[in-house]
Amino acid sequence: MIWEVTMKKKVLSILMTAMMALSLAACGSTDNSTAPAAGTDSQPATAESVKTEAETPAGEQTLKVWCWDSFNVDAMKTAGAMYEAEHPGVSIVVEETLSKDIQTIVQTCAMSGQLDSLPDVFLMDDQVFTKYLQNYPEVFADLTDSGIAFSDFAASKVANSVSGGKNFGVPYDSNTVIACYRTDYLEQAGYTVADLTDITWDQFIEIGKVVKEKTGMPMLTNVQGEPDLLNMILQSAGISVFDEDGKIDLVDNEGLKEAMEVYMTLVKEGILQEQVDWSGYQGSINNGTVVGTINGSWICATIMSTDQAEQEGNWAVTNMPKLNDYAGATNYSAQGGSTWAVCSASKNYDLAVDFFKSTWAGSTEFYDSILTDLGAIATYLPAAESEAYNQKSAYFNDEAIYSKIVSYGGKIPTVNKGIYWTEEKEALGIALSKVINGKSDLDAAIAEAQSTVEFNMGQ
């Protein structure tokens, strides 16, 4: 493992030399997401699950890749195996590296000018991609004229890695929002999933009251203090909390106020039950103590992970509610996800482009494979037409949910999330908690959130 040892020493050296600079310049970011779903970290994989350069035969052309979580590692290894089979002499080397570590190393290497310490390809959270692209543009290779068909991906997903009208990333997993409900619970209250399709939040609240009365259970669950659902509501209506100049826009944002009022009503009426942490959130779903949830499509894995046999066949998927009478409001949104980037210092740019054109950006066969084997759902629009994506899911009421999810992805409004998205998310989470707990009124909480983000932005 010579390369691994050398690389670790080199990165450690760079990190140490950059510590003083990092302490003087607040230019980094952290991902405060608590949900360990697609697009987040997990424990490092075992040595047996990751192919290293030491195993690569001499003389081969090698494409080095960093990503996190065995889920992402296995998906990339599947892509690598497919490409290697058609390209003798090429080796796709996958090294598991935690998401936060990738962010730190990208920042450090950019500040130290040692971009050659980065791999050819690396994965980044959608939530921070824009920020890193703006702060460290020299890190990312321009893919605009590469021949990759970006129009084959959901536009809202592509937007996360676009700057100045140019493309700097290849979309990976679907972050399309879906609403998932227990059909048996709905039936107890006299409803079907059709009654919850293409509806407004006002209609949802009225249904939720009846369901709570007749079943004793809330319709939804969410992690306390996390504004994820709030941000989903905002994007579904095409509402940004940043203006065209990138300045935070909270105080005079009527769409934001409406979305926050919806969330507060859900909590007040007992239609949404807030959980202390992500474990509580998962538990409420798996234990059958809530009727459903609204989240990124990766939540399907959580739903299907329950060991309660009675849940199989009693789940259904549909779209989320939309803001009432708001111009441009839709029933579609996004949450989480990640995107591949090619390092500008890579000596294998052409190889990386061809690899992506042959797999992630050009092969429905590949997406069929990772869907079947890993449960990985594509944001690649042509995948919706494949046989695998149109297979019915016994767990979800014998419906072809994956084709439906991909079709939803093409309808998501694109919004400007700004480079201070994580700071905005944290501030709005605090604002929501203060209002719900009676420590502030809505206008005061929003004003405080605006001031906090402005301070963090140096405005």
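The values are calculated or read from the model by the stated rules, or taken from the named source; none is laboratory data. Since the structure is predicted, the reported quantities are computational estimates derived from the model, not experimental observations. In this analysis, Cβ positions are derived from the backbone assuming ideal geometry, glycine residues included, and neighbour counts consider all displayed protein chains.
Each row is one residue, and each column tells you yes or no for (1) assigned to a loop (DSSP other than H, G, I, E, B); (2) assigned by TED's automatic domain parsing to the domain that holds Lys347; (3) modelled with pLDDT of 95 or more.
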| site | (1), (2), (3) |
| --- | --- |
| Gly39 | yes, yes, no |
| Ala85 | no, yes, yes |
| Ile92 | no, yes, yes |
| Lys100 | no, yes, no |
| Thr108 | no, yes, yes |
| Met111 | no, yes, yes |
| Pro119 | yes, yes, yes |
| Phe129 | no, yes, no |
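Looking at Lys209, Lys247, Lys214, just one residue is of a type in the set (Lys, Arg) and at pLDDT below 95, and that residue is Lys247.
For first residues located in the stretch 68-91 and under 18 Å from Thr372 (Cα atoms), partners that are modelled with pLDDT under 95 and of a type in the set (Lys, Arg) and lie 6+ apart or on another chain with Cβ distances below 9 Å form the pairs Lys77/Lys51; Gly80/Lys51.
Listed here are the residues, each with its yes/no results for (1) in the same structural domain as Tyr181 (by TED's automatic domain parsing); (2) buried (at least 23 other Cβ atoms within 10 Å of the Cβ); (3) over 21 Å from Lys411 (Cβ atoms); (4) among the small types (Gly, Ala, Ser).
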residue	(1), (2), (3), (4)
Met219	yes, yes, yes, no
Val223	yes, no, yes, no
Pro227	yes, yes, yes, no
Leu230	yes, no, no, no
Ile233	yes, yes, no, no
Glu244	no, no, yes, no
Lys247	no, no, yes, no
Val262	yes, no, no, no
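In the set (1) within 20 Å of Thr364 (Cβ to Cβ); (2) not in a helix (DSSP H, G or I), Gly80 fails one condition alone, (2).
Taking each residue of the stretch 303-319 that is closer than 13 Å to Ser284 by Cα and looking for partners that are surrounded by fewer than 22 Cβ atoms within 10 Å (Cβ to Cβ) and at pLDDT below 90 with beta-carbon atoms closer than 8 Å, six or more apart or interchain, yields nothing. When Val121, Val128 are checked against the criterion of being touching a residue at least 60 places away in the same chain (Cβ under 8 Å) and in contact with a strand residue (DSSP E or B) (Cβ under 6 Å, 6 or more places away or on another chain), a single residue qualifies: Val121. Considering every residue within the stretch 134-150, establish whether at least one is surrounded by fewer than 23 Cβ atoms within 10 Å (Cβ to Cβ) and at pLDDT below 95. The answer is yes, given that some residue of the stretch 134-150 is surrounded by fewer than 23 Cβ atoms within 10 Å (Cβ to Cβ) and at pLDDT below 95.
Reported count of residues in the stretch 338-390, each being touching a Phe, Trp or Tyr at 6+ places or on another chain (Cβ under 6 Å) and of a type in the set (Asp, Glu), is 0. Total residues in the stretch 377-420 satisfying the condition of being in a loop (DSSP other than H, G, I, E, B), among the charged types (D, E, K, R), at pLDDT 90 or above and surrounded by 19 or more Cβ atoms within 10 Å (Cβ to Cβ): the figure is 0.
Would you confirm, using the coordinates I've provided, whether Gly164 is at pLDDT below 95, on the phi > 0 side of the Ramachandran plot and touching a Ser or Thr at 6+ places or on another chain (Cβ under 6 Å)?
Criteria not met by Gly164.
Of the residues examined, Ala149 is one that is closer than 24 Å to Pro382 by Cα and under 22 Å from the mean Cα position of the chain (by Cα). Would you say Tyr263 is more than 19 Å from the chain's Cα centre (by Cα) and not in a helix (DSSP H, G or I)? In short, no.
Taking the numbered list (1) more than 21 Å from Lys411 (Cα to Cα); (2) in contact with a helix residue (DSSP H, G or I) (Cβ under 7 Å, 6 or more places away or on another chain); (3) surrounded by fewer than 20 Cβ atoms within 10 Å (Cβ to Cβ); (4) of a type in the set (A, V, I, L, M) in turn, Val210 passes all entries but (2). Within the stretch 293-310, can one find any residue that is touching a Phe, Trp or Tyr at 6+ places or on another chain (Cβ under 6 Å), surrounded by fewer than 17 Cβ atoms within 10 Å (Cβ to Cβ) and not assigned by TED's automatic domain parsing to the domain that holds Phe153? There is at least one residue in the stretch 293-310 that is touching a Phe, Trp or Tyr at 6+ places or on another chain (Cβ under 6 Å), surrounded by fewer than 17 Cβ atoms within 10 Å (Cβ to Cβ) and not assigned by TED's automatic domain parsing to the domain that holds Phe153. With respect to the conditions (1) under 20 Å from the mean Cα position of the chain (by Cα); (2) buried (at least 24 other Cβ atoms within 10 Å of the Cβ); (3) closer than 19 Å to Ser161 by Cα, Cys343 falls short on a single one, namely (1).
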